Each structure stands twice: as C-alpha cells, then as structure tokens.
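S.K.: Quick one: this structure, given as structure tokens, is what I'll be asking you about.
The values are calculated or read from the model by the stated rules, or taken from the named source; none is laboratory data. Remember, it's a predicted structure, so these values are computed and weren't measured experimentally. Virtual Cβ from ideal backbone geometry, glycine too; neighbours counted across all protein chains shown.
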C-alpha cells in the first residue's frame with residue numbers, strides 16, 4: 001500500500017472515531033404476563049388452548065403483549081391457591097377451577113348442579129361465559145376475569161365397570177366440585193375431593209377406585225392406563241360439568257396501556273370460550289378412541305338407567321336452592337338462566 005493510501009485510510013478512521021454516534025431507533029419493550037396453572041405442558045388445555053391463545057394475543061398486539069406459560073404449579077403453591085395468586089399478583093393470570101375452593105363462589109355452582117349442563121364443549125363453554133357476564137361480576141370482583149368456561153360431559157372412569165346405580169355403591173371416586181361430590185354421595189359412591197394432579201398417585205395407592213373427569217383430562221394424568229372402564233351418559237343434560245376461569249390480576253390489567261387492554265379484550269370473553277369449547281369437543285373424540293384402542297371398555301348408560309340417576313340426584317339441587325335462599329341469593333333464577341343458556345348454545 002502506498003504512503004498516500006495509508007494516509008487516506010488513517011484520516012478516514014480518525015473521522016469515524018470523532019463522529020458522534022447516531023442514535024438507534026428505540027424499540028418498545030412491551031409487556032410480558034405470567035400465566036400459571038396446575039396441569040403439565042402436555043395437557044390438552046395447555047397445548048390446544050392456552051398456548052395458541054397466548055400466540056393470538058401476541059399477534060394481535062404486534063408482539064407488544066406476550067404471555068409466558070408456567071404449567072404444573074411452577075410458580076409454587078397448590079391448585080386451590082391459584083385464584084388468590086391472581087388476586088395477590090403472585091401470577092399475572094391463572095387458570096383454575098372455582099370448585100377447588102368449595103362454597104367460595106356460590107352463584108357459579110348453578111352451572112355445576114347434576115343434570116343441568118349440556119354434553120357439548122362449545123355449548124357449555126359459551127353458556128358459562130354468558131352466565132358469568134350476567135351474574136358473576138361481584139362474585140369474581142377481586143380479579144379481572146378474562147374467560148369462563150365449563151367443560152363437556154364428565155364421565156366416570158373406574159377400575160370396575162359402572163353400568164347401574166348398584167355398581168356405583170361404595171366406589172371411592174375423585175370429584176372436582178362440591179356439587180359433583182354431593183351427587184356422587186346421594187348415588188351411593190364414596191366421593192373424595194382432590195385437585196386432578198393428585199389422582200394418579202391416589203389411584204396407585206388405592207385411595208381411589210376411579211375419578212370423574214372429562215375425556216380431555218384423561219391423557220394428561222394417564223388415566224386410560226390406570227383404569228379400564230369409562231362410563232358416559234346419554235344425551236343432554238349430562239351428569240355434571242365443572243367450571244373454569246382464566247383470571248387476571250386486576251391492577252396488572254388496569255395498568256396495561258389502553259390499546260393493549262383493547263387487544264386483550266378482543267381475544268377474551270366469548271371468543272376465548274368458543275376456542276376452548278372447540279378443543280374440548282375435538283379431544284372428546286380423540287381421547288375416547290385412544291381408550292378404545294387400548295382395549296378399555298367404553299360404557300354408555302341406558303336411558304332408563306340414566307333417568308334413575310337423575311331422579312336420585314334431585315335432592316342435591318333442592319339442597320343447593322335452600323342454601324342459596326339462606327345466603328340471600330335467588331338460586332331459582334340463577335338455575336333457570338343456566339338451563340336456558342345451555343339450551344341456547346346447544347341449538
């Protein structure tokens with residue numbers, strides 16, 4: 001290289017060092033919300049609802065609102081504590097079952113009474129969301145609910161076949177809600193309440209003879225490997241459902257920029273309920289076929305037998321109505337509206 005070329009190169013380098021640095025465009029950091037729940041990442045609701053829903057929220061906000069999932073109680077605590085974790089800000093969002101804290105949310109129990117809900121996931125999810133919009137603002141006022149849903153028809157999954165009321169007598173069955181437990185009790189079973197993640201160990205240790213859950217939960221706890229009999233109910237209304245809520249810390253929600261709140265709202269409510277309901281119905285087909293291929297026995301009660309169960313559980317509904325009167329709540333109106341909504345969204 002010539003002396004002139006070296007001199008020009010040195011001057012150019014010196015000029016670069018002396019020049020002020022140009023400011024880079026500011027990149028908005030956005031918001032990240034922590035969503036906590038009780039089932040493993042391979043569970044249906046995590047894979048087919050919560051994760052896709054989180055991606056929809058992120059896409060709708062151009063990446064400015066992200067939702068990070070923490071399954072299997074990774075942020076600590078036990079499933080019955082999830083609602084309070086959302087209230088207290090331990091998590092930004094939680095998925096939980098109101099039934100995990102029996103009696104705390106009395107109005108939502110109208111949806112969970114025996115032989116009230118539809119057998120379909122979309123119908124039950126959308127009915128629960130509509131019911132919540134009408135009746136549950138006060139009951140869930142400590143948080144900002146993003147979505148409510150109720151699952152599709154619950155089944156009895158047991159070691160021994162259940163085809164009649166007599167087959168149910170004395171069976172130790174896990175139940176998810178107060179009303180499902182009361183229904184099993186009056187039918188002659190020995191109901192045991194526990195969050196669903198505890199079911200496999202309880203079955204292995206002989207604490208349980210079976211569990212009542214919908215099909216979509218079965219693979220996440222490998223229930224199809226632990227029991228060989230699955231008893232369903234014909235038609236609608238079905239034996240039971242459990243309600244679910246996606247609840248957000250109220251201060252966290254209100255602290256979001258207005259445009260992010262609007263985008264989150266658009267992906268919540270009925271839109272989210274319809275989304276989760278669709279995956280419930282899809283999984284009912286997929287998982288029941290999985291159990292069938294394993295050689296398990298799929299049973300559907302005869303209509304006359306199901307009528308015996310419905311008649312036997314009427315005292316549970318009557319007892320709930322009496323409890324609501326004692327608490328100054330119009331249970332009759334709540335139950336009538338719940339039944340009407342289940343019929344409306346099933347049509």
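S.K.: Among the residues of the range 287-315, which ones are closer than 17 Å to residue 224 by Cα, out of contact with any helix residue (DSSP H, G or I) (no Cβ under 8 Å at 6 or more places or on another chain) and in a helix (DSSP H, G or I)?
M.R.: 289, 292, 293
S.K.: Moving on to the next point. Check 262, 252 and return the single one that is without any contact (Cβ under 8 Å) to a residue 24 or more places away in the chain and out of contact with any strand residue (DSSP E or B) (no Cβ under 6 Å at 6 or more places or on another chain).
M.R.: 262
S.K.: While we're here: Within 18 Å of residue 35 (Cβ to Cβ), at pLDDT 95 or above and assigned to a loop (DSSP other than H, G, I, E, B): is that true of residue 91 in this structure?
M.R.: Yes; evaluated as a whole, the condition is true for this residue.
S.K.: Mind listing just one residue for me: the one in the range 147-190 that is free of Cβ contacts under 8 Å to residues at least 24 places away in the same chain and either within 30 Å of residue 57 (Cα to Cα) or in contact with a helix residue (DSSP H, G or I) (Cβ under 7 Å, 6 or more places away or on another chain) (or both) and, of those, surrounded by the most Cβ atoms within 10 Å (Cβ to Cβ)?
M.R.: 189
S.K.: Could you list, in sequence order, all residues of the range 135-146 that are touching a helix residue (DSSP H, G or I) at 6+ places or on another chain (Cβ under 8 Å) and free of Cβ contacts under 8 Å to residues at least 40 places away in the same chain?
M.R.: Hits for the range 135-146 are 136, 139.
The rows are residues; the columns are (1) modelled with pLDDT of 90 or more; (2) crowded, with 21+ Cβ neighbours inside 10 Å; (3) part of a loop (DSSP other than H, G, I, E, B).
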| site | (1), (2), (3) |
| --- | --- |
| 5 | no, no, no |
| 49 | yes, yes, no |
| 63 | yes, no, yes |
| 83 | yes, yes, no |
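S.K.: Take the residues in the range 27-37 that are in contact with a strand residue (DSSP E or B) (Cβ under 7 Å, 6 or more places away or on another chain) and assigned to a loop (DSSP other than H, G, I, E, B), then tell me which one is farthest from residue 282 (Cα to Cα).
M.R.: 30
S.K.: Now for a different question. Would you pick out the residues in the range 108-134 that are assigned to a helix (DSSP H, G or I), out of contact with any strand residue (DSSP E or B) (no Cβ under 6 Å at 6 or more places or on another chain) and surrounded by 22 or more Cβ atoms within 10 Å (Cβ to Cβ)?
M.R.: Correct list: 109, 110, 121, 123, 126, 127, 131.
S.K.: Check the range 7-30 and report whether any residue there is modelled with pLDDT of 95 or more, farther than 20 Å from residue 219 by Cα and more than 18 Å from the chain's Cα centre (by Cα).
M.R.: no
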